Amino acid sequence: MPRVEGLGARRAALQLLDAVLRRGTTIDGAAASLKGLSPADHGLAIAIAGETLRRLPGIDALIDGATRQKLPDDSKARMVIRLALAQKIGLETPDHALVSTALPLVDGGPRRLVHGVLGTLLRRGLPVTDEAQLPRAVEERWRNAWGDEVVQAARRQIVRRPSLDLSFADDREAQAYATDHNGISLAPRHVRIASTSVSDLPGFGEGRWWVQDLAASLPARLIPADATDVLDLCAAPGGKTMQLAAAGHRVTALDSSKSRLARLRENLGRTHMTVDLVHADALDWEPSREYDAILLDAPCSATGTFRRHPEVLYRARPRVIAENADLQAQFVERATKWLKRGGVLVYSVCSLEREEGEAVADSSGLHSDPPKTGELPDFVEPAPGGQVRILPGLLEDKGGLDGFFMARLVRGD
Ligand SMILES: C[S@@+](CC[C@H](N)C(=O)[O-])C[C@H]1O[C@@H](n2cnc3c(N)ncnc32)[C@H](O)[C@@H]1O
């Protein structure tokens, strides 16, 4: 059989899609075990799988409208057609390349069916849209929690490329960088830039900045400036640790993942910062002293990062969210005991689920300490009790933000 150009990347994309939808892994996690691909094909496989997951419900509706046969959700035929349509809609791949790389993937399966459905849809012409439905269960959950406008905003955001946010230790540096590199600064020490290639941007090697979504930079801004001894409890890969170190706190950064801690160490080396690193499980570690402040950026469903990691929408099932909430409550309970009297716990999650955000903060037994004027950028409007919820739709005209929750809580007794 003649060699089909680009087939390796499509075969790998099929593996990634299968890993996410059937085994519940992340795209990056599954991509780490892809073998024998050139860097370009590796990147293409991730891009195809990502585009497919961004647009899956709409693509499935197109497939169902083009055949009377009910293709099972996890059938190879459906998977292969999904990948082909995502390339057409999201990556503008030419039709001949779609078809020639789709058919060999069916390997002894229903090639005629795949050819037929794909041919029908390509002849009809695919709708051009600048939004995509999310999985129905997610839309229902978010509509109930946040209202329809938020769901509509999320539908628009999921198909846009998020911009690149850089954090700086020093605000003058950030402002100068924004001017020199055509960026905009939406908060102190922040620059948003159009480029997506991190290592090509000036200043990366010298550690002038680190990549951090603007929403993810907000929780550390709530650590009081006069807190001397600060514990960063779930710290790796360290975006918030670097903010805390840059602000002059004495930082202890703890994480249970060795590989993520290694990335944190690398980040600290690149940005020339020093903190105390602890490799431990926060559920059995015991500190030797109490802290003025603790930042608890807890592990969560990460549904707020759906723009960069669309697979989170398929991984975050209600049971997973409930298990996370349980774990988060345990982290909060332990962290509370490690605070000095009057000490502050900043609790945050990059989740759009109330159970992991508001509900955990509400049941902490701690008082809420609302953000003071100037601590957070003006576009952030805390809820009446002082909690901060960042939803899809905020700053949409400037490129949007990840979804986030944060609350500053005080140990009173
Ligand atoms: C949301 S991420 C933290 C992101 C980090 N704060 C930042 O800004 O770069 C959550 C972290 O919690 C860590 N983690 C999960 N379970 C843990 C545990 N039991 N003890 C300590 N760390 C844990 C994970 O390894 C992960 O690095």
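Laboratory data are not the source of any read-out in this text; all were calculated from the coordinates shown. Remember, it's a predicted structure, so these values are computed and weren't measured experimentally. Note that each Cβ is placed from the backbone with ideal geometry, even for glycine, and that neighbours are counted across all protein chains shown.
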_Farthest positive-ward along the chain dipole, Cα basis, beta-carbon charges - from 12, 366, 137_ = 12
*asked:* How big is the dipole moment of the stretch 23-166 about its Cα centre under a simple scheme where the beta carbon of each Lys and Arg is +1, that of each Asp and Glu is -1, and everything else is neutral? Debye, nearest 20, please.
replied: 460
*Rounded, prolate or oblate: which fits the stretch 215-300 when a ≥ b ≥ c are the square roots of the eigenvalues of the alpha-carbon gyration tensor, with rounded for a/c under 1.5 and prolate only if a/b beats b/c?*
rounded
*So how do 177, 291 line up by other beta-carbon neighbours within 10 Å, fewest first?*
177, 291
*Would you please calculate the Kirkwood hydrodynamic radius of the chain over all C-alpha pairs and express it in Å, rounded to one decimal?*
22.9
_I need the calculated FRET efficiency for the pair residue 148 and residue 99, taking r as the beta carbon distance and R₀ as 45 Å, to the nearest 0.05._
0.75
*Taking R0 as 30 Å, what's the FRET efficiency between residue 196 and residue 322 from their Cβ-Cβ distance, rounded to 0.05?*
0.30
_What's the ranking of 120-132, 60-72, 179-191 by average number of surrounding C-beta atoms within 10 Å, highest first?_
179-191, 60-72, 120-132
*For the pair residue 91 and residue 176, how long in nm is the line joining their label points, each one 7 Å along Cα→Cβ?*
4.1
*What is the gain in length, in nm to one decimal, between residue 363 and residue 26 on full extension, counting 0.36 nm per residue of separation less the C-alpha to C-alpha distance?*
118.3 nm
_Rh by Kirkwood over Cα pairs, then Stokes-Einstein D for the stretch 245-291 at 0.692 mPa s and 37 °C, µm²/s_ = 282
*Can you tell me the dipole magnitude for the chain around its Cα centre, using point charges on the Cβ only (Lys, Arg +1; Asp, Glu -1), in Debye to the nearest 20?*
1620
*Could you give the dipole magnitude of the stretch 54-96 about its Cα centre, charging the beta-carbon of Lys and Arg +1 and that of Asp and Glu -1, in debye to the nearest 20?*
60
*So what is the relative contact order of the chain, in percent, for Cα pairs below 8 Å that sit 6 or more residues apart?*
13
_Residue-span extension gain [residue 204 to residue 337] - 0.36 nm each, minus C-alpha spacing_ = 44.0 nm
_Along the Cα→Cβ direction, 7 angstrom out, place labels at residue 128 and residue 4. What is the inter-label distance in nm?_
2.8
*Calculate the length of the line joining the C-alpha centroid of the stretch 27-74 to that of the stretch 193-228, in whole Å.*
31
*Where in the stretch 64-101 does the amide nitrogen come within less than 18 Å of the point 7 Å from the Cα of residue 314, taken along Cα to Cβ?*
64, 71-91
*asked:* I want to check the label-to-label distance for residue 398 and residue 68. Put each point 7 Å from Cα in the C-beta direction and report it in nm to one decimal.
replied: 5.6
*Gyration tensor (alpha-carbon) shape descriptor, the stretch 120-190, a/c threshold 1.5*: oblate
*Potential lengthening between residue 259 and residue 289 on full extension [0.36 nm per residue; Cα-Cα distance subtracted]*: 8.2 nm
*Which one of 127, 201, 39 has its Cα pushed farthest toward the positive end of the charge dipole of the chain, where Lys and Arg give +1 and Asp and Glu give -1 at the Cβ?*
127
*Taking each pair of different alpha-carbon atoms in the stretch 6-101 once, compute 1/r for the pair, average those values, and report the inverse of that mean as the Kirkwood hydrodynamic radius in Å to one decimal.*
13.4
*Hey, how many Å between the Cα centroid of the stretch 252-311 and the Cα centroid of the stretch 108-134?*
43
_Cut-off 10 angstrom, C-alpha nodes, Gaussian network model of the chain. Which of 345, 16, 277 fluctuates the most?_
277
*Could you compute the FRET efficiency for residue 107 and residue 229, with r as their C-beta to C-beta distance and R0 at 45 Å, rounded to 0.05?*
0.15
